[in-house]
Structures are given as C-alpha cells and as structure tokens.
Amino acid sequence: MGHCFDRAKANVGTDEAMLLATQLLGVSFTELYTERGRQLPLADVEKLNSAIQRRLCGEPIAYITGYRMFRKLDLRVSPAVLIPRFETELLVDVVLEHTSNGGRVLDLGTGSGAIAIALSKTKDLQVVAIDNDERALQVCAENCNEHEANVELVRSNWFENVKGCFDIIVSNPPYVAADDPHLVEGDLRFEPSSALVGGLSGLEHLEKIITSAMNFLNPGGWLVVEHGYDQQTSVKELFADRGYANIQQRQDYTDTPRVMWGQARGR
C-alpha cells in the first residue's frame, strides 16, 4: 500500500490522496499509516492510479468516488447531478425552522435528493421531490433507498406535474449566468450545465419559481430559495413584486448572501 499511496500524495496532495484511498479501497485513515508495508492487489493499484489521473485532469473527487457528504448523509452522486454544497445546508436549516412535523414540503429540482432526504430524516414531513431529468431522479431514488427516506419522487419541469399545495417550497435552482467565467473553471467544468445555468442573467429559473410558487403554497406558506452571490437585490425585488410578505435572507459561511425566503399572503 505504501508505494502506491506515496505516489498518490505526490501527485494530488495528501488530503485528497487519503480521501481517494479510503473511499475507493475500503480502508480507514488509520490503516493507511499502520499497514504501509502491505502490498495492494493489482486491481486496487489500477483503481487508485485511474482515480489519480482523473483528479489530475480536474474531475471532482465526488464524481470519482461516487459519493458526497451532506448534513452527515453519505449521498450518491454522478455527473447527472450537481454535487451538494455545504452552503446549501442553509436551505435545510431555514425549512426546518419554518415547518412543523406533518408539514408538506416540495423540493424543486432535487438532483441527488440532498435537501429532500435531509428534511425527511430530520422531521416527520411529507416531502415531494421533483426533477425534470430522469437520470437525476434515478440517483435520488438510490439515495432515498439507501437512507430509507420517505420521499415522493415526481418527474416535472418545475411545477408542470405538481399536484396540491404545500406548507413550504424549497429550491436550489440553476442561477449562474450563461457567460459566467466560473463555468469553465474547477469543478463546474464537470457538472451538468442544466443544473447550473439560469439563462443569460442567471435569474431565469428563479423568476419562474418565485412567480409560480404562490399558486402552490398554502396561505401563510413559505418559499425558500438559494441564489447567487450578487443576486440578493434582484431576488428580493422578485419576491416583493410577486406579493410575498416577511421577506428574509441569510448569509452563508463566507458571509455571502445566499438564501432568501418569503411568505405567501392569505388567499
């Protein structure tokens, strides 16, 4: 194990090499150091070497290992879904603060199912998760099965196939502008553009969601969305123009405006 792991550290860095080795070879961090003299089977050596090459090409570790942690949930991911981000955990926090056991929640654009599953595992909620991509829904279904999460999955282009009303609607929609230079840098190069790009301004999907959600919220229900670092003013205007009350926002761990929510007025 030692020679192969030392080469991995030299190529991709110690932390990343350790993560790749533990997840791909099924060994613990302790074993990496206490069993350095153990010879790896050729298949394991090839597996680690392949992972190193993929990482050197910039591919996200989550896609190489097939998993990403989100609120203590080890979730399956694939290039069909956006890799869950730490800042998106704020959406879960806000929803949990504004709903009670038994509440009905809609997760728009669920992807891997990170938000829906985290909500389902934390409170006794009726969670419906929608996505327009069949491959994403398959990943979400696998995660629901692995974590025994009670989530109803629906294929829908936003609200197209959604039935009934909800106490809370939550979404981390595509909100990156089409010409944003970050799209050709780092991990974003490998993630599905359909889960990232929100039209020319980045606000296309946010505007659709904020406009339509009022028709699917119970009186006094809440819409909670994640948005881009420079979209706070525009998103707040959308909430206000569409008649939402008690509009609030929260910053992420870098003190960047990231989540906004508003309340449907009684109808």
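The values are calculated or read from the model by the stated rules, or taken from the named source; none is laboratory data. As the structure is a prediction and not an experimental result, all values here were calculated from the model. Note: ideal-geometry Cβ built from the backbone for every residue, glycine included; neighbour counts use all protein chains shown. To get the accessible areas, we keep the full protein, side chains included, count just its heavy atoms, and leave off ligands, DNA and RNA. Shrake-Rupley method; radii C 1.70, N 1.55, O 1.52, S 1.80 Å.
Please give the number of the condition G102 fails out of (1) surrounded by fewer than 17 Cβ atoms within 10 Å (Cβ to Cβ); (2) touching a Cys at 6+ places or on another chain (Cβ under 8 Å).
For G102, the failing item is (2).
Test L188 against the criterion of being under 30 Å from I64 (Cβ atoms), of a type in the set (A, V, I, L, M) and open to solvent by 10 Å² or more (accessible area, probe 1.4 Å), and give yes or no.
Values: under 30 Å from I64 (Cβ atoms): yes; of a type in the set (A, V, I, L, M): yes; open to solvent by 10 Å² or more (accessible area, probe 1.4 Å): yes.
Criteria met by L188.
Each row is one residue, and each column tells you yes or no for (1) open to solvent by less than 30 Å² (accessible area, probe 1.4 Å); (2) among the hydrophobic types (A, V, I, L, M, F, W, C); (3) without any contact (Cβ under 8 Å) to a residue 60 or more places away in the chain; (4) in a helix (DSSP H, G or I).
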| position | (1), (2), (3), (4) |
| --- | --- |
| W158 | no, yes, yes, no |
| G164 | no, no, no, no |
| I169 | yes, yes, no, no |
| S212 | no, no, yes, yes |
| V224 | yes, yes, no, no |
| T233 | no, no, yes, yes |
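Restricting the first residue to segment 239-267 and requiring it to be in contact (Cβ under 8 Å) with a residue 60 or more places away in the chain, which pairs with a second residue that is open to solvent by 80 Å² or more (accessible area, probe 1.4 Å) and among the polar types (S, T, N, Q) meet a Cβ separation below 7 Å and a spacing of at least six or different chains?
Correct list of pairs: R258/Q251.
Every residue in segment 91-141 that is assigned to a strand (DSSP E or B) and either free of Cβ contacts under 8 Å to residues at least 60 places away in the same chain or small (G, A, S) (or both), please.
Initial filter on segment 91-141 (assigned to a strand (DSSP E or B)): 104-108, 126-131.
Within segment 91-141, Q126, V127, V128, A129, I130, D131 meet the criteria.
Which residue, of A80, A43, A62, is part of a helix (DSSP H, G or I) and open to solvent by less than 60 Å² (accessible area, probe 1.4 Å)? Full working, then the answer.
On the way: A80 fails: part of a helix (DSSP H, G or I); A43 fails: open to solvent by less than 60 Å² (accessible area, probe 1.4 Å).
Answer to the check: A62.
Within segment 136-156, how many residues turn out to be in contact with a Pro (Cβ under 9 Å, 6 or more places away or on another chain) and either open to solvent by 20 Å² or more (accessible area, probe 1.4 Å) or modelled with pLDDT under 95 (or both)? Break it down stepwise before answering.
Residues of segment 136-156 that are in contact with a Pro (Cβ under 9 Å, 6 or more places away or on another chain), as a first pass: 136.
Applying the additional criterion that residues be either open to solvent by 20 Å² or more (accessible area, probe 1.4 Å) or modelled with pLDDT under 95 (or both) yields none.
Going through segment 136-156 one residue at a time, the tally reaches 0.
Out of L42, L48, I need the residue that is modelled with pLDDT of 80 or more, over 20 Å from E185 (Cα atoms) and among the aliphatic types (A, V, I, L, M). Which one?
After applying the criteria, what remains is L48.
Consider only pairs whose beta carbons are under 6 Å apart and that are at least six residues apart or on different chains; among these, list those whose first residue lies in segment 58-83 and is closer than 21 Å to Y175 by Cα and whose second residue is in a strand (DSSP E or B).
V77/R68; I83/R68
Quick one: which of T88, T30, T22 is among the hydroxyl-bearing types (S, T, Y), open to solvent by less than 60 Å² (accessible area, probe 1.4 Å), modelled with pLDDT under 95 and not in a loop (DSSP other than H, G, I, E, B)?
On the way: T88 fails: modelled with pLDDT under 95; T30 fails: open to solvent by less than 60 Å² (accessible area, probe 1.4 Å).
Exactly one residue qualifies, and that residue is T22.
Filter segment 46-59 down to the residues that are small (G, A, S) and either crowded, with 19+ Cβ neighbours inside 10 Å or not in a helix (DSSP H, G or I) (or both) and list them by number. Talk me through it step by step, then tell me what you get.
Kept after step one, since they are small (G, A, S), are these residues of segment 46-59: 50-51, 58.
Scanning segment 46-59 gives A51, G58.
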